[in-house]
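Just so you know, all these numbers are worked out from the coordinates, no wet-lab data involved. What you are looking at is a predicted structure, and each value in this text was computed from that prediction instead of being measured. Here Cβ is always computed from backbone atoms with ideal geometry, including for glycine, and neighbour counts include all displayed protein chains.
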Amino acid sequence: MRIDRRVAVLSMAIVALVLALGGCGWFGGKTKEYETSREERPLEVPPDLDAPATGSALTIPDTRPPAAGISASAPSTDVPPTPPPAVPSSYSAGEDSSLQVTDAPEGAWKRVGFALERSGVAAVLGRDETAGTYTVSGQREVAAPTDQGFFKKLFGGGKQDTTTEAVTRVVRIVGAGEGSLISIEDESGNATADEFSRRVIEALRQRLD
């Protein structure tokens, strides 16, 4: 009976040993699948699909400004500002060649500038706030040179023909008492009282009142 038990135990040990050796073969000797894998050929894209799109529908326009020295293809529509035409306005020449206002010189200088620009009586060519002046141009009426005969002088009633000529004047604003005095000078700084100067003063009178 003892012999049979020993034989049974030995048989079980042999079976366990066989199973252990077989398990090592199963786990350790099995060939790994990734070792036998092959690299496939890369995906080939047809030439007509691989080329970049060249259609104008996908073209992004260049909105960058042109470089310095290179003019844009489209013609410029900007028109440089031009001074108003220096033509006789609807203001009639008054009797005065100067104007007294209650504003201080600084305020009067600014108001005179606005009045000159909006009156149309003269074109503003330059301005100097430090000196309190405006340089303006316009036209004045002068007697036209005529060579009248005896009968024309006799029956013409003494009426003198006139024409216009371009002139440049300086409108000066200086302090006077509690206000300011506006006067008109020629380019040499001499006070003037011609038809154009009196017309400028009359326009300023109507706009500064």
(request) Using amide H atoms built 1.01 Å from N in the peptide plane, name the residues 5+ places from VAL167, or on other chains, whose amide H lies under 5 Å from its own. (result) GLY138, GLN139, ARG140
(request) Work through the residues other than GLY189 whose Cβ is under 15 Å from its Cβ and net out their charges, Lys, Arg +1 and Asp, Glu -1. (result) -2
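Arranged by the count of other C-beta atoms within 10 angstrom, fewest first, what order do ILE184, ILE14, ILE173 take? Working shown, then result.
Numbers: ILE184 23, ILE14 10, ILE173 27.
The order, fewest Cβ neighbours first, is ILE14, ILE184, ILE173.
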